[in-house]
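Nothing in this text is a laboratory measurement; each read-out follows from the coordinates by a stated rule. Keep in mind that this is a model prediction, so the values were computed, not measured. Methodologically, a virtual Cβ is constructed for each residue, glycine included, from the backbone with ideal geometry; neighbour enumeration extends over all protein chains shown.
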Amino acid sequence: MIQTCLFPAAGYGTRFLPATKSLPKEMLPILTKPLIHYGVDEALEAGMKNMAFITGRGKRALEDYFDISYELEHQISGTNKEYLLTEIRDLMAKCTFSFTRQESMRGLGNAIHTGKTLIRDEPFGVVLADDLCINEQGVGVLTQMVRIYEKYRCSIVAVMEVPQDKVSSYGIVSGRYIEDDLIMVDDMVEKPSVEEAPTNLAIIGRYILTPDIFGILEQTKPGKNGEVQITDALMQQAKDGMVLAYKFKGRRFDCGSVAGFVEATNFFYEKLQKDGKK
């Protein structure tokens, strides 16, 4: 049902300077795969085969990654290293990849609106690749959200509980539970103070959005730091109809921070070691 996943990837990644001076943060590797690869894997598992990227200056490596490298392929053809490209080759065979640029960094809402040219008039997924999610007990986070969309046909945000002193780093939602782990949103605040936060339910980088979000974003005025906030547009959707917040099953690593990146690397390395012993 949902064919396209949008990957906003135009940010500067300043917390990883100087590495991100020339390398997109989405290309930072967890073991041997870059973050963006994990995000595309999750979208493909959810049935989305059209991968749309919002990039910016200095992000050419993203396009190159999802393309053939003729010189490299020639050099390792027939060697014991060729199998290392099997996974990315399979991904390229199953998906289409399209790219457009965000002219200036004006917030996630603006980045998503920039993707309008790559999205038909249909619902779509959004993945922020530096939020790396895994669910070892079942299906991925985006697949879980697609199943909820099939029932309710409205925009959905993934949320998780965070410590009270961390709420100022997230968009925070509140509302009433309509099912286990599923909340009908009645309020949504971008990076509130501890005193202003209605709950400790924080939005993470997974969304299912209905196409009317583009018209709302066009009318959404810039908020904090002159940025167009997706939370403001979603709040308008909630007032006009319905937006759901889903407490997803699984684990999220904040790979936009050095600590979260190291935590994810250690987790996947330990998992690799365990899987290798089976």
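Within segment 1-88, report the trypsin sites (Lys or Arg not before Pro) that DSSP leaves as loop and that have at most 15 other Cβ atoms within 10 Å.
Working: sites: Arg15, Lys21, Lys25, Lys49, Arg57, Lys59, Arg60, Lys81; in loops: Lys49, Arg57, Lys59, Lys81.
Filter output for segment 1-88: Lys49, Arg57, Lys81.
Among the complete DSSP H segments of the chain, which ones combine at least 18 Å of alpha-carbon extent along their axis with a mean Kyte-Doolittle hydropathy of -0.5 or more? Mind showing how you got there, number by number?
Values: long enough: 258-276 (27 Å, -0.21).
Helix filter hits for the chain: 258-276.
May I ask you to evaluate 6.51 cos²θ - 1.76 cosθ + 1.60, the Karplus curve with θ = phi - 60°, for each residue of segment 185-190 and list the ³J(HN,Hα) values in order in whole Hz, giving x for glycine and proline?
Karplus-based 3J(HN,Hα) across segment 185-190 equals 6, 10, 8, 8, 10, 8 Hz.
Identify the GluC sites (Glu not before Pro) of segment 1-108 meeting these criteria: DSSP loop state and at most 16 other C-beta atoms within 10 Å of the C-beta. Walk me through the intermediate numbers first.
On the way: sites: Glu26, Glu42, Glu45, Glu63, Glu71, Glu73, Glu82, Glu87, Glu103; in loops: Glu103.
Those satisfying the criteria are Glu103.
Trypsin sites (Lys or Arg not before Pro), restricted to segment 98-151: which are DSSP loop and have at most 12 other Cβ atoms within 10 Å?
Details: sites: Arg101, Arg106, Lys116, Arg120, Arg147, Lys151; in loops: Arg106, Arg120.
Passing sites in segment 98-151 are Arg120.
Among the lysines, which fall within straight-line cross-link reach of Lys21, defined as a Cα-Cα distance under 25 Å, with same-chain neighbours fewer than 8 residues apart omitted?
Qualifying lysines at Cα under 25 Å: Lys33, Lys59.
Go through Phe124, Leu72, Ile88 and say which Cα lies farthest out towards the positive end of the charge dipole of the chain; charges sit on Cβ, +1 for Lys and Arg, -1 for Asp and Glu.
Of Phe124, Leu72, Ile88, it is Leu72.
In debye to the nearest 20, how big a dipole does the chain give about its Cα centre with +1 on each Lys and Arg Cβ and -1 on each Asp and Glu Cβ? All intermediate terms of the calculation are to be shown ahead of the outcome.
Values: 33 positive and 38 negative charges, 70 e Å.
Dipole about the Cα centre, nearest 20: 340 debye.
Which lysines does Lys151 reach when only Cα atoms under 27 Å apart count, and residues fewer than 8 places away in its own chain are ignored?
List returned: Lys49, Lys94, Lys116, Lys239, Lys247, Lys249.
What length, rounded to one decimal in nm, is gained on full extension from Glu71 through to Ser98, with 0.36 nm per residue of separation minus their alpha-carbon distance? Don't skip to the end; give the middle numbers.
Values: separation 27, 0.36 × 27 = 9.72 nm, distance 2.29 nm.
Stretched out fully, the Glu71 to Ser98 stretch lengthens by 7.4 nm.
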